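The values are calculated or read from the model by the stated rules, or taken from the named source; none is laboratory data. All of these numbers come straight from a predicted model, not from anything done at the bench. Note: ideal-geometry Cβ built from the backbone for every residue, glycine included; neighbour counts use all protein chains shown. Note: accessible area is taken over every heavy atom of the protein model, side chains too, but ligands, DNA and RNA are not part of it. Shrake-Rupley method; radii C 1.70, N 1.55, O 1.52, S 1.80 Å.
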Amino acid sequence: MRYFARRLGYFLLTLWAAVTLNFLIPRLQPGDPAEMMVKKLAGKDAELDPAKIAAMRAMLGSPEGNLFDQYVAYLSQLLRGDFGVSYTYFPTPVTDVIAKALPWTLVLVGVTTLLSFVVGIVLGALAAWKRNSLFDSVVTLGSTFIGTLQAFWVALLLLFGFGYILGWFPTSGGYDSSTPGFNLEFLGDAIYHSVLPAAVLLLLTPIGWILGMRNTMIMNLGEDYIRLAKAKGVPDRQVALRYAARNALLPSVTGFAMALGGILGGQLLIEQTFDYPGLGRIMGQAAMSKDYPLLQALLLFTIVGTLLANLVADLLYGVLDPRARKANS
Amino acid sequence: MKRKWTFAACLALSGALALSACSGQIATRDNPGTAASGQVNSAGTDALIETLTLPAEVADNVAGIENYNPWSPSATSKNYFYEPLMIRSSMNCQVVPWLATEFLWEGPVKLSFTIRDGVKWSDGQSLTAQDVAFTLNLKKKYPALDDIGLWTNSFGAKAESVTAEGNKVIITFTGNAAAKFDSLITAKIVPEHVWGSVGDPAKYVDTKPVGTGPFTVGSYNGRKLVLDRREDYWQADKVKVKHLVIAGNFDATNAALKLTSGQLDAYWGEIPNPANSFQAKDPNLNHFWYAPAGSTVFTPNLTKVPWNDAAFRMAVSQGFDKQQMSQKATYGVMGVASQTGLKLPYAKALLPDAMANTDTVLKYDTAKANEQLDAAGYPVGSDGFRTTKDGKAMPVTFSVQAGWIDYQGAADIIVRNLKEMKLDAKLIASPPDAVDLQKKSGDFDAVLEYLNGGCEVARNLGAKLSTDQFPTKSEVRTNVGRYSDPATDQIVTQLSGSTDPAEQRTLVGQLVDIMVTQAPVTPLFYAPARMIYRTDKAVGWPSEADPYATNSEMLLIMTKLRSAK
């Protein structure tokens, strides 16, 4: 029990630190959001009109009171679930903006993360079990090679090849002419639009899992208990799955939990390349245009997501691996 | 003496004598259908264009959040519902009457607009002068809406009252407000019968726009906005686009591909080398026109040695290879800029007579620059670099905005040119925000920046040379180099309040004279307002032959497009 209480305590402490940093960092940044907004609307080569900046300042308002008062106000707002109003989409509340984008990222990144994990673990385990075989070489070398490629570059390559040259898939957006909702036309449209971004993610994200799983498993295969199991005459399949893979899976569970938490951050570069309406694209734009309320909420969600996932992983770890529980208590 | 001119008189005397907005630099015309140059790139037919697809107007505006509030920072569409009083094309400086048919200055402190008859809101009610007065007064009550600076003292005195009398709207000012005209006419007019009861208009989410504009919302699915042509638009005969589709927020690469494949009909983002990447693919249908909107200028910090010396600046200005900068930064699309600070040949009428037929672009001449630097008293030290007059080292740190590819291309050449002049120059690329901070604090040696080439010279070149336009800690203002001269301030004040075209031309001439003898900033090459378009569906886009508008006057362009078939 103490193990769990301690984990929870750590979670709350990190959460507080994250919230505080999230409050402070934008306030330490140079630059005035109103000016940024006018500059963005005007474009790069344009004289800034002081009247426009003054109007924008009046519209967005400026924080009242000293830093401490603002901090207290910020905390109490958060407790009430009030994340403020987006600067870019004024006067739409930040939560509405995020709610629009959340399903897209959740489905695209969620599904691909899950699939990548499963595919990665299976390929990694197989490669380790058949190490030094042709299969192992292809998987290991192949994924090392693909792993060195930049995600946005692969995305552009696929976009150009399958989107423009062959014209098989749409080149931007999450859907086209259908009306969002639960209807077949829209779902088909959305899936069709998600093929290319999903392909990029499915090509690149399993690599970490493959290499990680393969390495831990190879280490585990050298352990005494494997040798004992083989000596006992346990069938190969069982040794591989029940003994080696199961133990090798443990570190990956934490990694997977982190990845799940990170889903909320979206896939910034890929979403931007495909103009995909998810959280990553919104985050990129919020950062560019200094939309602090939106950026803060997005970062906070990402942090809370990661922390929560971590907490769950820690708790789960305690259940899966009694050693962790013992070592900590 | 009370000076009074009617609009007709203004037309008749165009260029002879008139007030600020109908002066030599601003000829007025009632019919936007007849272009100044009389050339249209192709006649076209009277048929309607079924659909035309344009990119999103503001980055991230088609993001699923529907709001047509014209004051929202990311209105789903800004151009086609709420219309301005008049449109002044930034290229030919002509004022095209829109919701107002005439304007009349009674001295520089009282301005009246005659509101057009027969204009209907999209809900069927008629536009009245009262709607206009209501909108302008709204800006007083809610400063967040005053994006034209009507009720503040920015560029011209603030307004005192706005009232409607019959079909006229009368604005009185607390002082000389001639300089306000250009921004004043851009005010988007909203109907009182809707906006009078929405509470704080800045916070109003406008999902059913009732405007006077040429289109109404057909459909919007969060991604694609389809606008339908209004049969009862007050100049419906000029609008030939039946469905206007506004969709997608594309980067340059994506946009170029979409344009080439016909999924997009026009675009105004930064496509590098458009001649090669777009036009060459189909020279008959693919066109682009990068109109000069202003100049990219080299701005030294005039509060620092040696840049405080006009002789030094003039010498250095001769050592810049502008031709090569234009080539490297804009693929030769944008021409090299005139040292006068005016965009030529478009603003040719403003040039002093003495310069009318001379080439005002400073020639690249390293030998001459070095000669003049020697003569100005900046000797070359033992390390091969020039020193100050009293023999101290004077390194030049040149700051450029990282990621602005055209600026970076030019900056490389600038630094090389400075070295050719035996100056110890170093290039530092920093994020644009950081460069802005340097501009605000004045902690820089030299930067690249922008000199606007808009119609009101007092607000552009004038502001660049005004002491009251020094950047402050919290605001980037125009006079980044911090040129300061009481006599020049006097000229700019006079120019911004001037209502006499002959006087305006004389005053502009005096500013030009400062530019060519003191080089407070050095214009390098023109900066574009881009227009990249296809002519398979619509013709009549602005072009070099018919420079009637830029991408900031889309509403005007919409009334000039005609079907290609």
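If we keep just the residues of region B:277-309 that are of a type in the set (G, A, S) and open to solvent by 30 Å² or more (accessible area, probe 1.4 Å), which is nearest to the chain's Cα centre (by Cα)?
B:S277
Within region A:9-22, is there a residue that is out of contact with any Lys or Arg (no Cβ under 7 Å at 6 or more places or on another chain), within 27 Å of B:Y204 (Cα to Cα) and more than 9 Å from every other protein chain (Cβ to nearest Cβ)?
No - not one qualifying residue is present in region A:9-22.
Just to verify a result, which residue in region B:510-526, among those that are outside any strand (DSSP E or B) and open to solvent by less than 10 Å² (accessible area, probe 1.4 Å), is nearest to B:K328 (Cα to Cα)?
Residue satisfying both the conditions and the ranking: B:V521.
Yes/no per residue for (1) part of a helix (DSSP H, G or I); (2) away from chain B (no Cβ under 14 Å); (3) buried (at least 18 other Cβ atoms within 10 Å of the Cβ):
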position	(1), (2), (3)
A:Y175	no, no, yes
A:T179	no, no, no
A:A199	yes, yes, no
A:G212	yes, yes, no
A:T216	yes, yes, yes
A:Y225	yes, yes, no
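Hey, could you check region B:229-242 for residues that are closer than 16 Å to B:G124 by Cβ and open to solvent by 30 Å² or more (accessible area, probe 1.4 Å) and say which is nearest to the other protein chains (Cβ to nearest Cβ)?
Residue satisfying both the conditions and the ranking: B:E231.
Quick check: is even one residue across region A:181-191 within 14 Å of chain B (Cβ to nearest Cβ), in contact (Cβ under 8 Å) with a residue 12 or more places away in the chain, closer than 27 Å to A:F152 by Cβ and not β-branched (V, I, T)?
Scanning region A:181-191, I find at least one residue that is within 14 Å of chain B (Cβ to nearest Cβ), in contact (Cβ under 8 Å) with a residue 12 or more places away in the chain, closer than 27 Å to A:F152 by Cβ and not β-branched (V, I, T), so the answer is yes.
If you check A:G110, A:G120, A:G163, which single one turns out to be open to solvent by less than 70 Å² (accessible area, probe 1.4 Å), within 30 Å of A:V85 (Cβ to Cβ) and among the small types (G, A, S)?
A:G110
Residue check: is B:V245 closer than 15 Å to B:F81 by Cα, of a type in the set (A, V, I, L, M, F, W, C), open to solvent by less than 30 Å² (accessible area, probe 1.4 Å) and within 12 Å of another protein chain (Cβ to nearest Cβ)?
Yes: the conditions hold for B:V245.
Provide a single number: the residues in region A:91-108 that are within 11 Å of chain B (Cβ to nearest Cβ) and hydrophobic (A, V, I, L, M, F, W, C).
Of the residues in that region, 4 qualify.
What is the one condition in (1) in contact (Cβ under 8 Å) with a residue 60 or more places away in the chain; (2) among the aliphatic types (A, V, I, L, M); (3) closer than 30 Å to A:M37 by Cβ that B:L437 does not satisfy?
Only one criterion is unmet by B:L437, namely (1).
Condition first: among the hydrophobic types (A, V, I, L, M, F, W, C) and either over 25 Å from the mean Cα position of the chain (by Cα) or surrounded by fewer than 23 Cβ atoms within 10 Å (Cβ to Cβ) (or both). Now tell me which residues in region B:163-184 satisfy that.
Once the filter is applied, which keeps residues that are among the hydrophobic types (A, V, I, L, M, F, W, C) and either over 25 Å from the mean Cα position of the chain (by Cα) or surrounded by fewer than 23 Cβ atoms within 10 Å (Cβ to Cβ) (or both), region B:163-184 yields B:A164, B:V169, B:I170, B:I171, B:F173.
Looking only at region B:80-92, count every residue that is open to solvent by 20 Å² or more (accessible area, probe 1.4 Å) and in a loop (DSSP other than H, G, I, E, B) and tell me the total.
The total comes to 2.
If I filter region A:28-54 down to residues being aliphatic (A, V, I, L, M) and more than 9 Å from chain B (Cβ to nearest Cβ), which single residue comes out as nearest to B:A179 (Cα to Cα)?
Once the filter is applied, the top-ranked residue is A:A42.
Residues B:R477, B:R505: which one is in contact with a helix residue (DSSP H, G or I) (Cβ under 8 Å, 6 or more places away or on another chain) and modelled with pLDDT under 90?
Exactly one of B:R477, B:R505 is in contact with a helix residue (DSSP H, G or I) (Cβ under 8 Å, 6 or more places away or on another chain) and modelled with pLDDT under 90, namely B:R477.
Can B:V210 be described as open to solvent by less than 30 Å² (accessible area, probe 1.4 Å), of a type in the set (A, V, I, L, M) and more than 30 Å from B:V400 (Cβ to Cβ)?
Judged against the criteria, B:V210 is a match.
Considering only region B:441-488, how many residues are part of a strand (DSSP E or B) and either surrounded by fewer than 22 Cβ atoms within 10 Å (Cβ to Cβ) or within 12 Å of another protein chain (Cβ to nearest Cβ) (or both)?
So the answer is 5.
Considering only residues that are open to solvent by 20 Å² or more (accessible area, probe 1.4 Å), at negative phi and in a loop (DSSP other than H, G, I, E, B), which ones fall in region B:151-162?
Matches in region B:151-162: B:W151, B:T152, B:N153, B:S154, B:K158.
Yes or no: A:P63 away from every other protein chain (no Cβ under 14 Å) and either more than 30 Å from B:W404 (Cβ to Cβ) or at pLDDT below 80 (or both)?
Answer is yes for this residue.
Out of the residues in region B:215-225 that are open to solvent by 20 Å² or more (accessible area, probe 1.4 Å), touching a residue at least 40 places away in the same chain (Cβ under 8 Å) and closer than 23 Å to B:G124 by Cβ, state the one that is nearest to the other protein chains (Cβ to nearest Cβ).
By that ranking, first place goes to B:Y220.
Let me confirm something: among B:A549, B:A545, B:A529, which residue is open to solvent by less than 10 Å² (accessible area, probe 1.4 Å), at pLDDT below 95 and not in a helix (DSSP H, G or I)?
The conditions single out B:A549.
So which residues in region A:289-320 are farther than 18 Å from A:N22 by Cβ, hydrophobic (A, V, I, L, M, F, W, C) and open to solvent by 30 Å² or more (accessible area, probe 1.4 Å), if there are any at all?
Residues satisfying the conditions are A:V312, A:L315, A:L316, A:V319, A:L320.
Quick one: would you say B:G403 is touching a residue at least 60 places away in the same chain (Cβ under 8 Å), among the small types (G, A, S), part of a loop (DSSP other than H, G, I, E, B) and within 13 Å of another protein chain (Cβ to nearest Cβ)?
Considered against the rule, which asks whether it is touching a residue at least 60 places away in the same chain (Cβ under 8 Å), among the small types (G, A, S), part of a loop (DSSP other than H, G, I, E, B) and within 13 Å of another protein chain (Cβ to nearest Cβ), B:G403 comes out as no.
Could you check region A:76-90 and list, in sequence order, the residues that are more than 14 Å from every other protein chain (Cβ to nearest Cβ) and closer than 18 Å to A:L298 by Cβ?
A:Q77, A:L78, A:G81, A:D82, A:F83, listed by residue number.
Would you mind stating whether B:K139 is closer than 27 Å to B:E456 by Cβ and open to solvent by less than 50 Å² (accessible area, probe 1.4 Å)?
Judged against the criteria, B:K139 is a match.
For every residue, the table says whether it meets (1) assigned to a loop (DSSP other than H, G, I, E, B); (2) more than 23 Å from the chain's Cα centre (by Cα); (3) within 14 Å of another protein chain (Cβ to nearest Cβ); (4) on the phi > 0 side of the Ramachandran plot.
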{"position": "B:K78", "(1), (2), (3), (4)": "yes, no, yes, no"}
{"position": "B:V96", "(1), (2), (3), (4)": "no, no, no, no"}
{"position": "B:F103", "(1), (2), (3), (4)": "no, no, no, no"}
{"position": "B:L111", "(1), (2), (3), (4)": "no, yes, no, no"}
{"position": "B:G118", "(1), (2), (3), (4)": "yes, yes, no, yes"}
{"position": "B:A133", "(1), (2), (3), (4)": "no, yes, no, no"}
{"position": "B:G149", "(1), (2), (3), (4)": "yes, no, yes, yes"}
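Suppose we filter A:T140, A:T144 for residues that are at pLDDT 85 or above, open to solvent by 60 Å² or more (accessible area, probe 1.4 Å) and under 25 Å from the mean Cα position of the chain (by Cα); which single one remains?
Every option except A:T144 fails the conditions.
Rundown of residues vs (1) at pLDDT 80 or above; (2) more than 25 Å from the chain's Cα centre (by Cα), yes/no style:
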{"site": "A:M1", "(1), (2)": "no, yes"}
{"site": "A:G9", "(1), (2)": "yes, no"}
{"site": "A:T14", "(1), (2)": "yes, no"}
{"site": "A:A17", "(1), (2)": "yes, no"}
{"site": "A:K40", "(1), (2)": "no, yes"}
{"site": "A:G43", "(1), (2)": "no, yes"}
{"site": "A:D49", "(1), (2)": "yes, yes"}
{"site": "A:G84", "(1), (2)": "yes, no"}
{"site": "A:Y87", "(1), (2)": "yes, no"}
